[in-house]
Amino acid sequence: AQTYRALPGVQPPPLPAEGLLDLSLEGAVFSALARNKALQVEQFKPVIAGTFIETEQAVFDPVLFASGSYVSYRDRSLDNISARFFSIDGSRTDVRGGASQRFATGTDVTLDLNLSSREDDNSEYSDEARAGLNLTQALLRDFGVAVNLVGIRQAETESLASAYNLRGFTEALVAAVENGYWDYALAVRQVEIFQESVDLARRQLDNIRTRIEVGQLSETEESVANAELALREQQLINARTAREKARLELLRLLNPVSGEGWDRQITLSDTALVPEVELGSALEHEALALKLRPELNEARLEARSGELETVQTANGLLPRLDLFIIMGKTGYSQSFANSFSDLDGPGYDFTAGLDFELPLHNRAARALDTRAQARYQQTLQSIENLKQLISLDVRNALLETERSLQQIVASASRRVLQEEVVRAETVRFQVGTATALDVARVQRDLLESRINEVEAIVNYRKALTGLYLLDGTLLLRRGIEGPGAAEVVLQR
């Protein structure tokens, strides 16, 4: 099966077979390439498609043939003089062998040797051997290399298209792995933040209870603190469940070798930091996409296959005109062996002629040709439409990436300001000018801002992955090589 692997000089980090899985983003990607079950299924499709090339090439393979028969018979004949019937016992042996081959020029050639023996023959020569050459050359329909190699060219095109289809699947898988990695990183960080908020709520509840005991606060403040603690515990439960789901999904994508299976725990070595990436212009990313996107190259190959089909259907519009030549040398004797030696004797045969066939109206062939031409033009228009959609996707992805980057700065600023608000509201609560509900409300806002800040960083990492996926460079940027990397150029 065709595989994707690291480029020369890129060394994938090893993954431990058992125990805690300390996982980097690079290690996650290469683990998926090596072990993902869905990818392993897809990798056989180009292999299967490649077998059709050999099937089409087999049309031009030489064929050896041989046959033999023995006939024993008794004939009844009338003697005109005695007016009596008499029997003639005899036998006949026929042996034939040779080779035949079809050539891409539209030529069929057969070489054969025929041996026959008759024991009841009263002539001097009862055995004969014939060496023959049969040649048939198409002059109109099926003439020339272009039309006769259409099947092979189409099979090659389909095989190449399956490689681009595999590349598209692999790119989508790598994108899913990276997104799953960052989803898990986000889920882990959210659990940490919610755990901190629960701990803070408990400390505040203890503080409020102490102040109630000394008469600084009314007992109603404890209810507010209890409700806030219950809310944050609910959020923590949900966050832990989301983290577990993200872990299981990441394990499914990676399929690491382990006897622990779904219970294997994961730690991430890559934190959700903002990478220093210099984005290109919209035109630069668009040009890359129009060159490298697997589905666009696959569509171009579909157009190439459609063009080959028009060659075949146009051939069907022609009348059939075949030139045939049959030549043979025959030797006669009373034994097989001696008949061979007589092949250089005077016995020969030569036949030449033409076969002509012209279907009246030829409507079926015309319909096939019209349909093939229309499909070809339809595919060309579909390519132009796909190019437009790809350009739109790339530009939207670039806008989303830029927006996500700006959101990182904005969310960080909001979190800093929200921390100041919480400090101020806590001071007011301590001096008695604010209630526990006021403090809980601003703490919720701070909790939301902290979550939003982490989400902004993760969304930026995922937006970069989406941009590289849409401009067709994701595998190249991750140091991965494999089939389907070259641009398909249509020769119109």
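Where a number appears in this text, it was derived from the coordinates with a stated rule and is not lab data. Bear in mind the structure is a predicted one, so any value in this text is a computation, not a measurement. Heads up, the Cβs are rebuilt from the backbone with ideal geometry, glycines too, and the neighbour counts pull from every protein chain shown.
Some points to look at:
- Alpha carbon Rg of region 210-280, scaled by the compact-globule rule 2.2 N^0.38 Å: 1.96
- Radius, Kirkwood style, for region 1-77 when every pair of distinct Cα atoms is counted (Å): 18.4
- Values of log10 I(q)/I(0), in the order q = 0.15, 0.24 Å⁻¹, for region 165-272 under a Debye, Cα-only, solvent-free model: -0.74, -1.20
- Projection of the Cα convex hull of region 63-205, averaged over all directions and equal to a quarter of that hull's surface, yields 22.2 nm².
- Difference of contour (0.36 nm per residue) and Cα-Cα distance, VAL214 to ALA424: 73.2 nm
- Cα-projected label distance for SER382 with SER82, points at 7 Å along beta-carbon direction, nm: 8.4
- Kirkwood-based Rg to Rh ratio, region 345-406, C-alpha trace: 1.63
- On a per residue basis, the convex hull of the C-alpha atoms belonging to region 337-492 measures out at 344 Å³.
- In percent, rounded to a whole number, the relative contact order of region 1-120 is 19, using alpha-carbon pairs under 8 Å and six or more apart.
- With each label modelled as a point 7 angstrom along the Cα→C-beta vector, the ARG375-ARG403 pair spans 4.1 nm.
- R0 of 45 Å, Cβ-Cβ distance THR267-VAL109: FRET efficiency to nearest 0.05: 0.05
- Rg followed by Dmax, in Å, when region 258-331 is reduced to its Cα trace: 30.1, 91
- Region 1-110: GluC sites (Glu not before Pro) in DSSP coil with no more than 14 other Cβ atoms inside 10 Å: GLU18
- For the chain: relative contact order, % (alpha-carbon pairs under 8 angstrom, 6 or more apart): 22
- Lysine pairs in the chain with Cα atoms under 23 Å, if 8 or more residues apart or on separate chains: 5
- Considering only alpha-carbon pairs that sit under 8 angstrom and 6 or more positions apart, the relative contact order computed for region 391-492 is 39 percent.
- Stretch gain in nm, segment GLU233-GLU18, where the contour uses 0.36 nm per residue and the Cα spacing is subtracted: 74.1 nm
- Extending 7 Å from the Cα toward the beta-carbon at both ALA146 and SER72 defines two label points whose distance is 6.1 nm.
- Our estimate of slack between LEU437 and ASN226, defined as 0.36 nm per intervening residue step minus the Cα-Cα distance, is 74.9 nm.
- Note on region 366-456: Rg/Rh from Cα positions, Kirkwood definition for Rh, rounded to two decimals, is 1.57.
- Per the Debye formula on identical point scatterers at the alpha carbon atoms of the chain, with no solvent, log10 I(q)/I(0) at q = 0.08 Å⁻¹ is -0.77.
- Relative to the dominant Cα principal axis of the chain, helix 220-254 is inclined by about 20°.
- Amide H to amide H, with H built 1.01 Å from N, LEU23 comes under 5 Å of THR267, LEU268, SER269, counting only residues 5 or more places away or on other chains.
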